[in-house]
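Peer 1: What follows is a structure written as structure tokens; I'll ask about it next.
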């Protein structure tokens, strides 16, 4: 009879400990830190008739796919300042050599 009492108390303690652990984990995951980076408001100073075709993360920068009247290009933006730190132009058509 004494062993049965011990088992009931031990299982009760395990149930309470498991419930507390579950609640702590749920609170930690629900209130976790947000590490996302957001761009500050900015203007890319694109010429009239330009369109932004896409946006993607590129390492420590953001890549913006832009269609301008003079052709498409990809602008690399620094997330903190929003300034353009690089520009990728499409490769020119290969000129055959003789």
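Peer 1: Can you give me the distance in nm between label points at residue 13 and residue 88, each placed 7 Å from the Cα along the Cα-to-Cβ direction?
Peer 2: Result: 6.0 nm between the two label points.
Peer 1: Over all directions, how big on average is the projection of the convex hull of the alpha-carbon atoms in region 38-93, in square nanometres?
Peer 2: Mean projected area for region 38-93: 4.2 nm², to one decimal.
Peer 1: Quick check: residue separation of residue 25 and residue 6 times 0.36 nm, minus the Cα distance between them. What number comes out in nm?
Peer 2: Full-extension gain reported as 4.0 nm.
Quick note: the coordinates plus some simple rules give every number you see, no bench work behind them. Given the structure is predicted, the values throughout are model-derived calculations rather than measurements. Note that we place each Cβ from the backbone using ideal geometry, even for glycine, and neighbour counts take in every protein chain shown.
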